[in-house]
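What follows is one structure encoded as structure tokens, with my remarks underneath.
The values are calculated or read from the model by the stated rules, or taken from the named source; none is laboratory data. It should be emphasised that the depicted structure is a prediction, and the values quoted were computed from it without experimental measurement. Virtual Cβ from ideal backbone geometry, glycine too; neighbours counted across all protein chains shown.
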Amino acid sequence: MIEIKRANEIEKGIREKISEIFVQGFGKDLRFFSKDYNILKKALAHIFVLDLFYIALANNEIAGIMACTNMKTFCIQHDKKTFIKHLGLIKGISADMVFKNYFQKYPKYPVETNEKTASVEFVATSEKYRGQGIASAIMRHLWTFPEYNEYILEVADTNIPAVKLYEKLGYKEIYRKKQKFSKYAGINYLIYMKYSKNIEELKF
């Protein structure tokens, strides 16, 4: 059985566990800052805005994470000094710049949104629980929120399993953005996908 909770409902060690799953999911994209996943976990544990993150519990373990925001509030807030402490001066300053420019700037999406649009971010599943419906369970939980009628997310074109999962869940591609320096980033395009609730769901 999979149980979904808001991250701030769990007190003990939640930041560290979210950071662990975050690094499992996105560590390869953060290798410039450190190739040591333990260092990355410590450096990032402070950044998560817990009331915007949702977690899946399976067998009393945190199996997956996902953030959901109205795009008026950032779901991560970092501290430059903490980055420098764990990553060193140069890479800590670099991380501060990257996180400010990419994760703390709205409007994020190159498509029209409104007050009923939710941004779904940082979808990641623990390596132990991949392929067991964890991300789908959290996503369906987010769809029950009455304040939203559409959900937008961003995914790299090279992340084929994620693209296929979102398509299976009903997301449709709405925009494709060519990436600069794709040869070095390992990403050709960022794909923007949208899920819209149907009429019956809107009556919920």
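Where the second residue is modelled with pLDDT of 95 or more and not in a helix (DSSP H, G or I) and the first is of a type in the set (Ser, Thr, Tyr) and lies in the stretch 5-33, which pairs have Cβ atoms under 7 Å and are six or more apart or on separate chains?
Ser19/Ala45
Identify the residue in the stretch 99-116 that is surrounded by 15 or more Cβ atoms within 10 Å (Cβ to Cβ) and touching a residue at least 40 places away in the same chain (Cβ under 8 Å) and, among all such residues, is farthest from Lys194 (Cα to Cα).
Phe99
Quick check on Val155: is it at pLDDT 90 or above and β-branched (Val, Ile, Thr)?
Considered against the rule, which asks whether it is at pLDDT 90 or above and β-branched (Val, Ile, Thr), Val155 comes out as yes.
From Gly13, Gly25, Gly64, grab the single residue that is modelled with pLDDT under 95, of a type outside the set (S, T, N, Q) and within 17 Å of Thr125 (Cβ to Cβ).
Exactly one residue qualifies, and that residue is Gly25.
Condition first: surrounded by 17 or more Cβ atoms within 10 Å (Cβ to Cβ) and farther than 10 Å from Val120 by Cβ. Now tell me which residues in the stretch 158-174 satisfy that.
Ala162, Val163, Leu165
Being among the hydroxyl-bearing types (Ser, Thr, Tyr), within 16 Å of the chain's Cα centre (by Cα) and part of a helix (DSSP H, G or I) narrows it down to one of Ser19, Ser94, so name that one.
Ser19
Looking at the stretch 141-149, is at least one residue modelled with pLDDT of 95 or more, in a helix (DSSP H, G or I) and farther than 17 Å from Lys72 by Cβ?
Yes, because at least one residue in the stretch 141-149 is modelled with pLDDT of 95 or more, in a helix (DSSP H, G or I) and farther than 17 Å from Lys72 by Cβ.
Does Leu44 count as more than 18 Å from His86 (Cα to Cα), at pLDDT 95 or above and surrounded by 16 or more Cβ atoms within 10 Å (Cβ to Cβ)?
Judged against the criteria, Leu44 is not a match.
Could you go through the stretch 62-74 and let me know if any residue there is surrounded by 16 or more Cβ atoms within 10 Å (Cβ to Cβ), more than 12 Å from the chain's Cα centre (by Cα) and part of a strand (DSSP E or B).
Within the stretch 62-74 (the criterion being surrounded by 16 or more Cβ atoms within 10 Å (Cβ to Cβ), more than 12 Å from the chain's Cα centre (by Cα) and part of a strand (DSSP E or B)), the answer is yes, since at least one residue qualifies.
Whether any residue in the stretch 99-121 is assigned to a helix (DSSP H, G or I), over 18 Å from Gly27 (Cβ atoms), over 13 Å from the mean Cα position of the chain (by Cα) and of a type in the set (A, V, I, L, M) is what I want to check.
No.
Look through Ser119, Ser94 and report the one residue that is of a type in the set (Ser, Thr, Tyr), modelled with pLDDT of 90 or more, farther than 15 Å from Tyr54 by Cβ and surrounded by 13 or more Cβ atoms within 10 Å (Cβ to Cβ).
Sole residue among the options that is of a type in the set (Ser, Thr, Tyr), modelled with pLDDT of 90 or more, farther than 15 Å from Tyr54 by Cβ and surrounded by 13 or more Cβ atoms within 10 Å (Cβ to Cβ): Ser94.
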